[in-house]
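The values are calculated or read from the model by the stated rules, or taken from the named source; none is laboratory data. Everything numeric in this text was worked out from a predicted model, so none of it was measured. All Cβ positions, glycine included, derive from the backbone under ideal geometry; neighbour counts span all protein chains shown. Ligands, DNA and RNA are excluded from the accessible area calculation, which covers all protein heavy atoms including side chains. Shrake-Rupley method; radii C 1.70, N 1.55, O 1.52, S 1.80 Å.
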Amino acid sequence: MTFENNFINHSKDYIFSANETLANQREQSFRKILKNNYDKKNNESLKNITISDLSKFDYFYKYENKAPKVSVLDSINYEIRVVNGMCQNFEDDNIEIRNLQNYDFNSFLDQDNNNSDDIIIDLNKIFLNSGIFFNIKNDTKLNIRLIHDTSDNFTVFQNNFINFKKNCEINFEDHFNLSHNTINNINYNTKVEECAVVKHNIFQDFSSSNKLYLTSNTVCKKNSSYNQNTYNFSKGFVRNFHNISLNGEFAKASLKGCFFLKDENICTNKTNIVHNAEHCISDQTYKGILNHNSKANYYSNTFVSENAQKTEGYQLSKGILLTDHCSFFSKPELRIFADDVKCSHGSTIGPVDETALYYLRSRGINKNEAMKMIISSFIEEDLQNLDHQARIIISNNLTNFLNSLSDD
Amino acid sequence: MIFLNINNLNVSIEGKKILNDFNIQINEGEVHAIMGPNGCGKSTLANVLAGNEDYEINSGKVIFKDEDLLDLNIEERAQKGLFLAFQYPVEIPGVNITPFLQASINSKLKNEKKPEIDNISFAKLLKKNAEELGISIDMLKRSINTGFSGGEKKRYEILQMSILNPALSIFDETDSGLDVDALRVVTEGINRFKDSKKSFLIITHYQKLLDYIHPNYVHVMREGRIIKSGDISLAAEIEKSGYQNF
Ligand SMILES: Nc1ncnc2c1ncn2[C@@H]1O[C@H](COP(=O)(O)OP(=O)(O)OP(=O)(O)O)[C@@H](O)[C@H]1O
Ligand SMILES: [Mg+2]
């Protein structure tokens, strides 16, 4: 279906469709896409994808009666099932969860928007059909597993708000259980309040007919810490764009990504960290292993504003290219306006280390096994802090990926 | 059985000829030493035998245990009992020493159609051999050669040899970088390991190592070939007046 037909036929299906302000904004974004009015040259959201690819899809969405569940497994373990963007409304002493309602309209418009030339965010706004509020209360200690279930052919355009309130300590996990031919354009607006400690693990391992565009905007307050780890084993397209603002002193953020690509798959990553306060630390590492004709890119930005003295900011990208036909484009950028800072960036991307391979083989390890050892060692350090269940997920995916190397 | 026979081997790299009609025969249980000036091709010889794919074999034949060695790939040669202690052991961060070495020995056992060694027996064997070589248990928890001192790397090579139990061990300057005590520990390790079935090819610049190990033959190598063979007195001669007389 054409983009225009999607927009016209479904305009009553979207959230806030009765609201005039949003209707106008949607209209504007719609025109912008129609006119192809994007700066394509420096536009990370359009790297390796075309506007026509993004705008041509069959919009399909319906509200279902089947209520998804929030399961309290025990006093600290919660499992939240989100079905086609919708969730069960739920509240207890620890957490409040509810679907976006019309009265949330203002917070929707209020959200920080530093994605002005991002077509994915424009599409999210135009077709918005779901969204969830998570309010994690002060001092709570929880493990939260969020499972995104998307049924065949659904196009989910979701905008979520998460507030991690003061002093909470949360392990938050996103899992994507996508069926076939789904589009998932998901935007998180996250607040990490004073002294909150958040570990956010994101597992992406779905089949090739699905697409995931994941964007997050996170604001970290004083003494908070936000630790994000993304593991992408998907055969389908994934975009991970993650923005962080360190707005309070002594806040810490770490963004790590590992991706494993094969065939013709593409993965596009962008991180953007803004240091707005003193004594904050940021750390970004993206690592990829690429096979066949796969492609990845990683744009990483660290911005240190002039009042963010004593900043520490680190960026690193590493890649192993298993064929001559795959590519990993990495572009780190540091913009520093304060004078007392420690910042660094580095990048090592290339084929498997032949001397290491030779060494292992010279001890009788066959080439395939040696290759597996080297690749496993490449991500081993990123798995250290995972809990048991997460490690199992990763190691199963890793085994599958490594076994597929021997098929060639 | 022909144990090792290298016949008129010619090898080049990037068009540059390095081994020149190289010949040597090593029988079971023999210890041979090769000495020669820098750049004469000693490491090249060692790496060609180990199967390094960077070199071009222009002509010649290598028989190892009655089989054409050049037909085998790197791991097959190791599984058949060839071991090279590298001049510059590679650091491989993230690959842990212990499981790596267990995988190595198991691939060899598997190739010999013998049952694999289980974790507990392996841990015992490793601990025993490491102690004999003065390698601390802590070191066995680390990644291959990562952050090891020069001497530690060499000791770890010998530890691997003692575990893998090869028929032919090639040492490429294993003595370089070792302090006096370490040299003694390492040579004791080698001597303990020696028996009538095992053969050694020892590349060195110094007589000292050979004094401990007692080679049956010493060869002088220049410009890619052996130009003189004799006994340990050759090493003394080289130590005294260098290579200009050869
Ligand atoms: N990868 C390579 N590319 C080009 N030339 C090489 C390569 N490897 C070795 N050579 C050359 O081959 C020659 C023999 O080198 P080799 O390392 O075998 O010498 P060596 O006898 O072991 O010396 P040393 O005593 O210094 O260890 C040298 O001239 C060296 O520069
Ligand atoms: Mg050498």
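Annotations for the structure displayed:
- Rolled with a 1.4 Å probe across the full set of protein chains, the surface gives residue A:83 an accessible area near 20 Å².
- Neighbourhood net charge (13 Å Cβ-Cβ; Lys/Arg +1, Asp/Glu -1) for residue A:18: 0
- Interface between chains B and A: roughly 1800 Å² of accessible area buried, both sides summed (probe 1.4 Å, protein heavy atoms only).
- Per-residue extension of 0.36 nm, minus the Cα-Cα distance of residue A:312 and residue A:249, leaves a gain of 21.5 nm for this segment.
- By a 1.4 Å probe calculation restricted to protein chains, residue A:211 has an accessible surface near 80 Å², given to the nearest 10.
- Each eigenvalue of the Cα gyration tensor of the protein assembly as shown, multiplied by 5 and square-rooted, gives one semi-axis; in descending order these are 61, 25, 23 Å.
- Remark: region A:117-128, residue by residue, has Karplus-estimated 3J(HN,Hα) of 9, 9, 5, 5, 5, 4, 4, 4, 5, 4, 9, 2 Hz, where x stands for each Gly or Pro and the curve is 6.51 cos²θ - 1.76 cosθ + 1.60 at θ = phi - 60°.
- Helix content alone sets the calculated 222 nm mean residue ellipticity of chain B: runs of n ≥ 4 DSSP H residues at -39500 (n - 2.57) each, divided across all residues, give -11000 deg cm²/dmol.
- Looking at chain A, the DSSP beta bridges with both ends there are about 10 percent antiparallel.
- Average Cα contact separation per residue, chain A, under 8 Å, 6 or more apart, as relative contact order %: 9 percent
- Highest-fluctuation residue, A:366, A:94, A:37 considered, GNM on chain A with Cα pairs under 10 Å: A:366
- Over chain B, the Kirkwood radius and the radius of gyration, each from Cα atoms, give a ratio Rg/Rh of 0.95.
- Overall form of region A:3-353 per C-alpha gyration tensor (a/c, 1.5; a/b vs b/c): rounded
- Against chain B, whose longest principal axis comes from its Cα atoms, helix B:119-132 is set at around 50 degrees.
- Rounded to the nearest 10 Å², the accessible area of residue A:345 at probe 1.4 Å: 100 Å²
- Per-residue 3J(HN,Hα) values for region A:361-373, derived from phi via the Karplus relation 6.51 cos²θ - 1.76 cosθ + 1.60 with θ = phi - 60°, read 5, 5, 9, x, 7, 6, 3, 4, 5, 4, 4, 4, 4 Hz in sequence order (x marks Gly and Pro).
- Inter-part distance where region A:366-408 and region B:1-76 are each reduced to a Cα centre, Å: 36 Å
- Candidates A:31, A:145, A:98, ranked by Gaussian network fluctuation over chain A, Cα under 10 Å, top entry: A:31
- Where the protein assembly as shown is the region considered: accessible area per residue in Å², 1.4 Å probe: 43 Å²
- 5 angstrom amide H check on residue A:316, placed H, neighbours 5+ away: A:284, A:285, A:286, A:346
- 5 angstrom amide H check on residue A:270, placed H, neighbours 5+ away: A:240, A:241, A:242, A:299
- Cα Rg over Rh - region A:21-90, Kirkwood: 1.18
- Relative contact order %, region A:248-386, counting alpha carbon pairs below 8 Å whose residues are six or more apart: 21 percent
- In terms of distances greater than 30 angstrom between alpha carbons, the cross-link table entries A:211/A:287; A:221/A:295; A:318/B:16 yield A:221/A:295; A:318/B:16.
- Note, ³J(HN,Hα) from phi for region A:183-195, Karplus 6.51, -1.76, 1.60, rounded to Hz, x at Gly and Pro: 10, 10, 10, 10, 10, 10, 10, 10, 10, 10, 7, 3, 6
- Local net charge near residue A:137, Cβ-Cβ under 10 Å (Lys/Arg +1, Asp/Glu -1): -3
- Considering only chain B, percent of DSSP beta bridges that pair antiparallel, nearest 5: 60 percent
- Long-range amide H partners of residue A:188 with built H, under 5 Å: A:160, A:215, A:216, A:217
- Rounded if a/c under 1.5, otherwise prolate or oblate - region A:354-408, Cα gyration tensor axes: oblate
- What separates the Cα centres of region A:203-224 and region B:184-202 is a distance of 58 Å.
- Within the listed set A:376, A:216, A:225, the Gaussian network model of chain A (springs between alpha-carbon atoms below 10 Å) gives the highest mean-square fluctuation for A:376.
- For residue A:27, net neighbour charge (Lys/Arg +1, Asp/Glu -1) across residues whose Cβ lies under 13 Å away: +2
- Taking the helices alone, chain A has a mean residue ellipticity at 222 nm of -6500 deg cm²/dmol, built from -39,500 (n - 2.57) per DSSP H run of at least 4 residues and averaged over all its residues.
- Taking all Cα pairs closer than 8 Å and separated by 6 or more residues, the relative contact order of chain B comes to 28 percent.
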